[in-house]
Structure formats: C-alpha cells, structure tokens
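The values are calculated or read from the model by the stated rules, or taken from the named source; none is laboratory data. Given the structure is predicted, the values throughout are model-derived calculations rather than measurements. Note: ideal-geometry Cβ built from the backbone for every residue, glycine included; neighbour counts use all protein chains shown. For accessibility, only protein heavy atoms count, side chains too; no ligands or nucleic acids. Shrake-Rupley method; radii C 1.70, N 1.55, O 1.52, S 1.80 Å.
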Amino acid sequence: MRKLIIVALITMLAIPAFAAVEPKTEDQKTFYALGLALARQLSVFNLSPAELELVKQGFTDAIGGTKPAVDLDAYTPKIQEMAQLRFKAEGDKLAASAKEFLDKAAKEKGAVKTDSGLVYMSLKEGSGASPSATDKVKVHYRGTLVDGKEFDSSYKRGQPAEFR
C-alpha cells in the first residue's frame with residue numbers, strides 16, 4: 001500500500017500538466033492531501049527549488065528501481081542532522097523577527113510588557129475588583145503572528161474565553 005501511494009505521488013510530481021489539474025474525485029483529492037501531508041513533513045527542510053528537484057529525483061529513482069546515487073543508510077544520519085540544523089536556523093530567524101516585533105509593540109502607547117516578554121494592550125478596561133489567583137476571568141482577545149496574520153480570535157467565535 002505504501003509503495004502504491006509513493007508511486008502515485010511520484011507520478012504526480014513527474015508530470016507537470018497533471019499538477020495543474022484541480023482534484024475532483026475523492027481519489028484525486030486523497031492523493032492531493034497526501035502531497036500536502038508529505039510537504040508538511042518536509043517543511044522543516046525549507047527546500048529551495050533546486051533541493052526540491054533532488055528530492056523528486058530521489059523519489060523517482062526509488063520508485064523506478066534505478067540504482068540510487070547515494071547509499072541511503074550512510075545518509076540517514078545526515079538527513080536527521082540537516083533537519084535539526086534547518087529547524088534551528090528557522091527558529092533563530094523567527095526569534096529575531098519576534099524580538100523586533102515585540103520591542104516595537106512594547107513602545108506603543110498603552111502597551112504593557114510582562115516579565116515573561118508578553119506584550120498586550122487593553123482596549124477596554126474591566127471594572128470591579130482585580131481577580132485573585134483562584135478566580136476565572138472572561139476576556140475577548142485577538143492573537144496575531146508577527147506578520148499580522150490572525151491565528152485566534154474570541155471575537156470571531158462570538159464569545160469570550162475563560163482563563164484562571
């Protein structure tokens with residue numbers, strides 16, 4: 001079964017015209033979803049177009065029974081090492097942009113930066129006594145990434161979130 005799935009994936013990767021087809025049948029949608037899942041697994045590598053072509057060639061050679069250009073057993077540890085290095089590099093890049101974003105956000109009027117580094121701005125202050133450590137609070141919030149993309153919103157859900 002696994003080999004059949006990989007063969008179908010390689011076929012899709014090897015025929016550019018097929019890639020332009022919108023998946024219509026359930027099987028086509030399933031194969032498309034398989035491509036998405038495999039891409040998610042490979043995303044840690046942040047592949048360049050040239051690197052992606054090498055990955056495609058490895059798929060094609062493995063499925064087609066062509067003699068591999070390298071010994072897989074010898075390169076398995078190197079694959080893991082590369083994944084770790086690329087993951088760390090991406091994390092370092094994101095951390096730098098996050099620091100810049102948080103520093104800028106902390107300078108905005110009304111912004112509060114906590115000891116943990118969280119920066120928030122209260123749009124409407126509540127009234128009444130401050131909650132204690134054992135209380136629950138209801139709040140509306142909108143969470144965004146450093147690029148401004150919203151990842152969560154209690155406003156869009158139509159109800160505030162409860163937190164201890």
Quiz prompt | Proximal aspartates and glutamates to Lys138, defined as alpha-carbon separation beneath 14 angstrom and excluding residues fewer than eight positions away on the same chain | solution = Glu125, Glu162
Exercise. Hey, can you find the accessible area per residue of the chain for me, probe 1.4 Å, expressed in square angstrom?
Key: 83
Self-check item: Taking all pairs of distinct alpha-carbon atoms in the stretch 64-164, Kirkwood radius in angstrom
Solution: 18.1
Quiz item: Excluding ligands and nucleic acids, what accessible area in Å² is computed for Ser127 using a 1.4 Å probe, to the nearest 10?
Solution: 120
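Report the calculated FRET efficiency for Tyr155 and Leu94 (r = Cβ-Cβ distance, R0 = 30 Å), to the nearest 0.05.
Efficiency, from the Cβ-Cβ distance: 0.70.
Computing the accessible area with a 1.4 Å probe over protein heavy atoms, can you report the carbon and sulfur percentage for the chain?
Working: 8210 of 13630 Å².
In the chain, the share of accessible area belonging to carbon and sulfur is 60 percent.
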Practice problem: Work out which helices of the chain, taken as complete DSSP H runs, extend at least 15 Å along their axis over the Cα atoms and score a mean Kyte-Doolittle of 1.6 or more, then list them. | Solution: 2-14
Quiz prompt | the chain - charge dipole about Cα centre, Lys and Arg +1 at Cβ, Asp and Glu -1, debye rounded to 20 | solution = 480
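Calculate for the chain the 222 nm mean residue ellipticity that helices alone would give, adding -39,500 (n - 2.57) per DSSP H run of length 4 or more and normalising by residue count, nearest 500 deg cm²/dmol.
-17500 deg cm²/dmol
Tell me the relative contact order for the chain as a rounded percent, counting alpha carbon contacts under 8 Å between residues six or more apart. Please report the intermediate quantities before stating the final value.
Values: 100 pairs, mean separation 21.6, N = 164.
That works out to 13 percent.
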Quiz prompt | Calculated P(r) of the stretch 106-164 - Cα pairs past 14 Å, % | solution = 69
